[in-house]
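Here is the structure we will look at, set down as structure tokens.
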């Protein structure tokens, strides 16, 4: 439990309570309503966000920068490892200590699991994990939970299917931690080689979650109120032949939707490759671009909370 967010690091999906989620969602909704009405904010006037992205990013980086600018703050950034002193061999700790001198809050994406926690152990400002390799992506999970609540109306009493790369997918690793706080039935749909790590599944079962692991997408779709689809991550495979064997194994298209539960909501953290047909974009329940927009509101809320503005 975080409780009071001020000065706290955001590192892992398991650090939140139901009360924490309610607080984040309420503040996010406040900002959403304000922006929709054309309201401008200067809550972060004089505050600086450092965006450190040592792995590629479009949505996470830009939505954090958009969130800070929308709050009236400023942004400094590192766009890739090649343009930072990491290319010279600087440690994560030294980078964190250095950047702490320039900014009031730090957002970091890095290819190593545990990198954000390492930075947080020495940083003198709040650190927000924007993805640590195949580890965690807690702010994505928060915006996903916010999206689910908006799209379906509740987080309790629903069935959710997570589809695709559940082994390396940091978005789903974080999301299941939040889903475990609610009465949710979980379908884990993946090839055998990309199953959710056993330790995560066991922990969720110990929390009382109803979990079904399957390779059958059609059956899962017929039972699900929401399908959360992920791409097969080519960059996580050491042998490209292993990737080629399973890429495109699951595709959400119009034919699949005809067999799915009526009104099923489709989400995706993006980018997509071939796992959701573009023909699905016009489907009313296709929520993935609304999901992208929600990222700005949720990240505005997180920045305001960790800096004690809200």
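The values are calculated or read from the model by the stated rules, or taken from the named source; none is laboratory data. Predicted model only: the values in this text are computed from it and were never measured. All Cβ positions, even for glycine, are placed from backbone atoms using ideal geometry, and neighbour counts span all protein chains on display.
Residues of segment 168-219 being in a strand (DSSP E or B), within 18 Å of the chain's Cα centre (by Cα) and over 20 Å from residue 18 (Cβ atoms), which ones? If you could, list the steps in order and put the result at the bottom.
Residues of segment 168-219 that are in a strand (DSSP E or B), as a first pass: 184-189, 210-214.
Narrowing the set further to residues that are within 18 Å of the chain's Cα centre (by Cα) leaves 186, 188.
Selection gives 188 alone.
Somewhere in segment 138-158, is a residue over 21 Å from residue 20 (Cα atoms), surrounded by fewer than 18 Cβ atoms within 10 Å (Cβ to Cβ), in contact (Cβ under 8 Å) with a residue 12 or more places away in the chain and assigned by TED's automatic domain parsing to the domain that holds residue 226? Working first, answer last.
Narrowing segment 138-158 to residues over 21 Å from residue 20 (Cα atoms): none.
Within segment 138-158 (the criterion being over 21 Å from residue 20 (Cα atoms), surrounded by fewer than 18 Cβ atoms within 10 Å (Cβ to Cβ), in contact (Cβ under 8 Å) with a residue 12 or more places away in the chain and assigned by TED's automatic domain parsing to the domain that holds residue 226), the answer is no, since none of the residues qualifies.
Selection within segment 254-273: residues that are closer than 12 Å to residue 229 by Cα and surrounded by 14 or more Cβ atoms within 10 Å (Cβ to Cβ). The member of this set that is modelled with the lowest pLDDT is 272.
So, in segment 4-25, of the ones that are without any contact (Cβ under 8 Å) to a residue 24 or more places away in the chain and assigned to a helix (DSSP H, G or I), which residue ends up surrounded by the fewest Cβ atoms within 10 Å (Cβ to Cβ)? Among residues in segment 4-25 that are without any contact (Cβ under 8 Å) to a residue 24 or more places away in the chain and assigned to a helix (DSSP H, G or I), the one surrounded by the fewest Cβ atoms within 10 Å (Cβ to Cβ) is 22. When the test is whether a residue is within 28 Å of residue 155 (Cβ to Cβ) and either loosely packed, with under 15 Cβ neighbours inside 10 Å or modelled with pLDDT of 95 or more (or both), residue 69 does not pass it.
Quick grid of which residues meet (1) outside the structural domain of residue 116 (by TED's automatic domain parsing); (2) within 30 Å of residue 272 (Cα to Cα); (3) without any contact (Cβ under 8 Å) to a residue 40 or more places away in the chain; (4) touching a strand residue (DSSP E or B) at 6+ places or on another chain (Cβ under 6 Å):
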| position | (1), (2), (3), (4) |
| --- | --- |
| 35 | no, yes, no, no |
| 39 | no, no, yes, no |
| 46 | no, no, yes, no |
| 50 | no, yes, no, yes |
| 61 | no, yes, no, yes |
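On the basis of being modelled with pLDDT under 95 and either in the same structural domain as residue 61 (by TED's automatic domain parsing) or surrounded by 24 or more Cβ atoms within 10 Å (Cβ to Cβ) (or both), does residue 126 make the cut?
On the way: modelled with pLDDT under 95: no; either in the same structural domain as residue 61 (by TED's automatic domain parsing) or surrounded by 24 or more Cβ atoms within 10 Å (Cβ to Cβ) (or both): yes.
In short, no.
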